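A short worksheet on the structure shown next.
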Amino acid sequence: MIAAAVAAGLFIWFATFLPAISAGGTARFSAAWAPSMGVSFTLYLDGLSLIFALLISGIGATIFLYCIGYMGDHPDFHRLILSLFAFMLAMLGLVLAADLISLFVFWELTALTSYLLIGFGHETEKARRNALQALLVTGAGGLALLAGLVLIGIASGSQDLTRILAGEGLQGHALYPAILVLVLLGAFTKSAQFPFHFWLPGAMAAPTPVSAWLHSATMVKAGVYLMARLHPVLSGTAGWEISLTAAGLTTAVLGGYLALRQSDLKQSLAYTTLMALGTITLMLAGEGGAALSAAMVFLIAHALYKAALFMLVGNIDHATGTRDVARLSGLARFMPLTALAALLAGASMAGLPPLTGWIAKELLYIAGLETSSLVTGGALLANALVFGVAGMVAIKPFIGAAPAVTRTPHEASPLMLIGPLLLGLTGLGFGLFPGLLQDMLAVTVAGSLQGGAALKLHLWPGFGLPLALSAATFALGGLFLALRLRHMKAIRGEAGPFDRGWDHLIEGFKSFAAGLTQMIQTGRLGFYMFATVLSLVMVLGLVLITRRPVISLSLEAPWSLWLIALIVALGAALALRTGSRILNIVGLGTSGLGVALIFILFGAPDVALTQLMVETLSAVLFAAALLRLPQLTERRPRRRQILHGLLAGAFGLIMTLIVLAITSHPLDRRLTDWFEVNSVPAAHGHNIVNVILVDFRAFDTFGELTVVLLAAIGAYALLRRPVGKGAKS
């Protein structure tokens, strides 16, 4: 009840901004988030964000009340409410975000919270599978969106959405094609546009209150919101128009067709959500006031009737124990208030007057006639299919003989009826008094969407072609309904090829990951070292080949340096050729000693001392370890020795060339000069190396010491471990 009160309070608070926003004003709330990066946490309220905020909080209040009646006795009820509340805050943050970083953070939070909600019944494999599917599909789109938002920030020179939208747009920028593809990938996956539509019906694994909210005003509308929000700076190009038209039209018609083929009422409603999302996307492909007005009014109408219908299906399931439409009939005599709410919501879904759905449908046809015959025909077919679905969901279960169910139907509790009745009556009120939406629609279309003048809303638009198209919708929809009723028991919904393809994709990915793991995780340290060095050789070699740096080589050196080089080479050769661990240590120590001598010759005694200490400690530790290790019995094949030798030689050659390339250019002394100037006054030390390690890079040194300490603890633990009789080297 507290969550419902908070949601209702937020709705009332947002409603207080209606006069100012309807008059063309905006509201902005800002707080510093990461000042050093120029990122602030800012909330921005205009016509578009206010419409979404009112829908999210208003419908959310009814959902919370419904949850109490529907799942109040569930042992995990409080977990559900907490997840729903977090989901609401994430959606509100998304639609109110005023900068790209905040928008993306809340975008991902909606994906995370929806994953928790869809997988609420995690005891079942279906819930876990469908929740993961939704998370992976929308998460992949989220990664694409992140890249797109980064490019928008680069192209516009700002992360502030208000500044970006107030600019000249990004259509002429060189990054526009990449931005368009990445942003639409994020929007299409979130709003389940074809071919990413398959995850949305699977989200029905969530409890009914979650489905009612997710499908009406929250997560699936996030992609629609993103397209609407960025409409002013991305629309108006052939790429935008073709992409949104193709995806929207296909999704709308396919969603209506699949919805009519379902026997489960909840699944049927899920597919009609695809139709609605596709229709809104189709309208957002345009630029004029007609298309954008149709998109906004249809968005509101769909949110109202879809939330109500989902809750009503929950009432039916709660009262009868089934959602199978073939088994449901005659419920009106047992559930009169549920039947009344279903009639109101179903009529709006079917586009019948005097509901808001009627006005939205008329606007869709007006916009379609201004666009193309393809858009008009697609909208007609999709609306007719959904008309048939409305009859199956809102009429068929309530008329006829008593239902063939195992329990006696009963009316739902008041908490489960408040939401559907209130939303149904709201749809009726906006239909009878469309002027209530006019001011908000006008400021949203002209201001937020920059689409020019919004259409006037009328319950009766007069005679004309849109009215004829409505009549054709009802006739064709009635035919679809009759055919569906005739084949009631023959048609059963099933997973489509895309959903089955997802399972094959996941299984294939698992097999690929398992094979790759077996190939690279061999458990042999030698293989890991070989792969690491080979990767370095390939990457560094590619850099040298592509960059082709200038390299100067001089062989002039004092005889002492040549002698030291010979000692280093002999030590390395000894370590490479011997089969004795003691001689290995001697050879490596000899090479290390030679390196220390080089440091001394070039005026770095402190580094030479460090090198000597490392070599000494290494020799002591290795000698101590040898006492605990078995004798070497395995010899590497000669072919492997040659291969490893060639790789080591290649690595050494590449590193030599890199050093020569670096030393062939004058030393950039800017950083060196800075340390020389600031070493004494800032850190009170004349030894610049020590000052850097202890003062200027103190945290780095602390981290290195921590790593060394942990390594020492690990080595000590290994040395104390007794060696088994069957141990191998």
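No lab work stands behind these numbers, since they all come straight from the coordinates. Please read all numbers here as calculations on a predicted model, not as lab measurements. Backbone-built Cβ (ideal geometry, glycine too); neighbour counts: all protein chains shown.
Report, as a whole number in µm² per second, the diffusion coefficient that Stokes-Einstein gives for the chain at 37 °C and 0.692 mPa s using the Kirkwood radius over alpha carbon pairs. Display every interim value, and only then the final one.
On the way: Rh = 30.6 Å.
Once the numbers are plugged in, D ends up at 107 µm²/s.
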Report task. Once every Cα of segment 168-218 carries one equal point scatterer and solvent is ignored, give the base-10 log of I(q)/I(0) from the Debye formula at q = 0.14 Å⁻¹, two decimals. Result -> -0.51
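Please give me, ordered by residue number, the chymotrypsin sites (Phe, Trp or Tyr not before Pro) of segment 188-255 that lie in loop per DSSP and have at most 13 other Cβ atoms within 10 Å.
Details: sites: F188, F196, F198, W199, W213, Y225, W240; in loops: F196, F198.
Answer by residue number: there is no such site.
Based on other C-beta atoms within 10 Å, arrange R229, R407 from fewest to most.
Listing R229, R407 from fewest to most nearby Cβ atoms yields R407, R229.
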Query - the chain - mean residue ellipticity at 222 nm from DSSP helices (-39,500 (n - 2.57) per run, n ≥ 4, rounded to 500) - result: -23500 deg cm²/dmol
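For T473, T706, what ranking results if the residue with the fewest other Cβ atoms within 10 Å of its Cβ goes first?
Values: T473 24, T706 10.
Fewest to most other Cβ atoms nearby, the residues stand as T706, T473.
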Query raised in the report: Based on the alpha-carbon gyration tensor of segment 5-82 and its eigenvalue square roots a ≥ b ≥ c, which shape applies: rounded if a/c is under 1.5, prolate if not and a/b is larger than b/c, or oblate?
Result: oblate
Requested in this report: Evaluate the Debye formula for segment 361-482 with equal point scatterers sitting on the alpha carbons, no solvent, and hand back log10 of I(q)/I(0) at q = 0.13, 0.19, 0.21 Å⁻¹, in q order, two decimals.
Outcome: -0.76, -1.21, -1.30
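Would you kindly work out the equivalent ellipsoid of segment 159-272 from its C-alpha gyration tensor and give its semi-axes, the square roots of five times the eigenvalues, largest first in whole Å?
Computed over segment 159-272, the values are 31, 16, 10 Å.
List nothing, just return the count: lysine pairs in the chain, 8 or more apart or interchain, with Cα separation under 15 Å. Please list the in-between numbers first.
Values: K190/K221; K221/K306; K266/K306; K266/K396; K361/K456; K396/K489.
Close lysine pairs under the 15 Å cut-off: 6.
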Query raised in the report: Order of Y115, Y305 from fewest to most other C-beta atoms within 10 Å?
Result: Y115, Y305
Query raised in the report: If you bin every alpha carbon distance in segment 1-234 into 10 Å steps from zero, what whole percent lands in each bin?
Result: 8, 32, 34, 20, 5, 0
Query raised in the report: Can you pull the three principal axis extents for the Cα set of segment 248-489, in Å, largest first?
Result: 56, 35, 28
Requested in this report: For segment 128-134, just list the computed ³J(HN,Hα) in residue order, Karplus coefficients 6.51, -1.76 and 1.60, θ = phi - 60°, integers in Hz, with x standing in for Gly and Pro.
Outcome: 5, 5, 5, 5, 5, 4, 4
